[in-house]
Amino acid sequence: MHLLFVEDESKIANFVQAGLKEQGFVVDYCDNGNDGYTRAIDNEYDVIVLDIMVPGKDGLAILKGLRQAGRNVPVILVTARNELDDRLTGLNLGADDYIAKPFFVEELIARIHAVVRRTAGERQNILCVGPVKLDRISREATCDGKIVELTTREFNLLEYLMRSPSRVFTRTQILEHVWGYDFNPNTNVVDVCIQRIRKKIELIGGLGCIESVRGVGYRFRN
């Protein structure tokens with residue numbers, strides 16, 4: 001899943017980011033509300049984890065702005081343990097859940113999966129295009145019913161392409177979504193990863209699923 005994390009306490013931010021990435025999440029991070037709001041409006045995220053007390057726009061203002069703009073992305077608020085009024089206000093503004101500091105990363109991950117299931121429904125957690133099927137919760141990939149062994153990065157890239165079949169994605173778009181904004185845009189990691197995925201899929205019958213568009217990028221054929 002592609003996740004936006006807005007948190008100004010660096011120790012918490014580093015710890016949580018490390019735990020999320022270990023579990024296969026692609027994490028965009030902001031340490032202030034103004035940048036967080038811009039990211040949230042300009043990008044499509046599976047979930048946003050939002051600390052209420054951040055510099056610039058606070059978490060409640062960000063949440064209110066998102067809902068007024070018609071953005072229904074699941075939002076989990078991070079609060080201090082004694083911020084009952086903020087939690088109630090956040091839920092009334094359209095937050096999907098909250099978690100109080102201090103918390104374990106494992107609990108946050110469980111809450112993320114829970115809100116995604118609640119808001120998207122189990123059917124949307126299964127991506128099926130042609131012979132290839134992805135289970136976004138169990139993170140299992142199959143082709144013609146046979147399991148395809150993918151690394152975390154390979155799964156994330158394949159999921160990104162399959163969420164919009166037939167749409168062409170540039171290498172830069174893929175880098176930003178799957179590797180993160182701070183990755184070197186001149187690297188060939190996208191091409192290398194695509195080739196590995198193709199080889200694994202084609203070995204069990206998924207011929208031609210991922211198409212190269214010369215001079216542009218890649219798409220998953222519908």
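The values are calculated or read from the model by the stated rules, or taken from the named source; none is laboratory data. None of the values given here were measured: they were computed from a predicted structure. Note that we place each Cβ from the backbone using ideal geometry, even for glycine, and neighbour counts take in every protein chain shown. To get the accessible areas, we keep the full protein, side chains included, count just its heavy atoms, and leave off ligands, DNA and RNA. Shrake-Rupley method; radii C 1.70, N 1.55, O 1.52, S 1.80 Å.
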(request) Mind running the shape call on region 121-222? Use the C-alpha gyration tensor, a ≥ b ≥ c as the square roots of the eigenvalues: rounded below 1.5 for a/c, prolate if a/b tops b/c, oblate otherwise. (result) prolate
(message) Per 0.36 nm of contour for each residue apart, how much would the distance between Ala61 and Ile126 grow if the chain were fully extended, relative to their Cα-Cα spacing?
(response) 20.1 nm
(message) Run through region 63-149 and list the chymotrypsin sites (Phe, Trp or Tyr not before Pro) located in a DSSP loop whose Cβ has at most 16 other Cβ atoms within 10 Å.
(response) Phe103, Phe104
(message) For log10 I(q)/I(0) by the Debye sum over Cα atoms at q = 0.11, 0.17, 0.18 Å⁻¹, pick the label among (1) -0.51, -1.30, -1.47; (2) -0.57, -1.20, -1.30; (3) -0.66, -1.24, -1.31 that corresponds to the value derived from the coordinates.
(response) (2)
(message) For Cα pairs less than 8 Å apart in space and 6+ apart in sequence, what is the mean separation divided by the residue count of region 6-68, i.e. the relative contact order in percent?
(response) 37
(request) Kindly provide the helix-only [θ] at 222 nm of the chain, computed as the sum of -39,500 (n - 2.57) over DSSP H runs of four or more divided by all residues, to the nearest 500 deg cm²/dmol? (result) -12000 deg cm²/dmol
(message) Just to be sure I understand: with springs between alpha-carbon atoms less than 10 Å apart, which residue in Asn125, Asn72, Asn188 has the highest mean-square fluctuation in the Gaussian network model of the chain?
(response) Asn188
(request) From the C-alpha gyration tensor of region 149-207, pull out the three semi-axes of the equivalent ellipsoid (sqrt of 5λ each), sorted largest to smallest, in whole Å. (result) 20, 13, 10
(request) Give me the percent of the accessible area of region 121-222 that comes from carbon and sulfur atoms, probe 1.4 Å, all protein chains in place. (result) 47
(request) Rank Val27, Val189, Val115 by mean-square fluctuation in a GNM of the chain with C-alpha springs under 10 angstrom and give only the top-ranked residue. (result) Val189
(request) Roll a 1.4 Å probe over the protein chains and send me the accessible area per residue for region 74-217 in Å². (result) 53
